[in-house]
């Protein structure tokens, strides 16, 4: 690391989001693993309805649950279920454990919750705030870094904006006060960072551009780099020099024909050129540098080697040399 950019390890809270399918959960896990290997005590919070974080670390994953558990030494992961987080919050406010649980589990109350907009986001963010406030026996932060695998793009912004809406709507009372504390954490540019994840493809790039524009204008949350996930890593340069020297009638026992090899190369080369173009485009349009997360052919399961690539997320982001023609950097 050159020190030209502020390290992700200097933050307290990193919120990872992006279009569905771009690999934000994998990036969240990789960042958590990199921070753990750097000696940080990390909390990884999953917000999706169906758990998937543990499957990145364990071949036969057990559920994380609301209490969570250690996935590695120094890495604790939880599944932030909004219903359990609400019950937790109400118990803290009222001191009525069993009564609270009975009320919250009634069918009428559950139907009211399903109809009430924004409560899930506020309660889940409130849980994250509560964990950020947790202190060790020595008085320092219990966790050095909290990473939130947030909902996908549009829902991710709603997730972050709900505390402001609630505070403006209620004006006073304990819920408004707590929403204010959460909003303060979201807007704190020293502690909190939004980390967008995209693929080097046209549609994910377009959605990422919109995400960052809205994050800047509506949420006012710090964002200083973009993760480009799944970047092709084909060694096409050597093939470009070698293939023209091969005779067309040359045959191999275990390889495709030369003509087929050329088609494979052309496809890989075209894919690489398009990916590099989209990578430069998202950087130019968003006026942000890039962190590359290379393509992992073996997938991102527990038996893959994705964890070994995690340290790339702690490197300084780069400004792509090529800029897409016509892309505005203003």
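Multiply the residue gap between residue 142 and residue 187 by 0.36 nm, knock off their C-alpha separation, and tell me the result in nm, one decimal place.
14.1 nm
Pop a pseudo-label 7 angstrom from the Cα along the beta-carbon direction at both residue 155 and residue 59 and give the gap in nm to one decimal.
3.2 nm
If you rank 198, 26, 192 by fewest surrounding Cβ atoms within 10 Å, what's the result?
Ascending Cβ contact count within 10 Å gives the list 192, 26, 198.
Values in this text are rule-based calculations from the coordinates and carry no lab data. These numbers were taken from a predicted model, which means no experiment stands behind them. Note: ideal-geometry Cβ built from the backbone for every residue, glycine included; neighbour counts use all protein chains shown.
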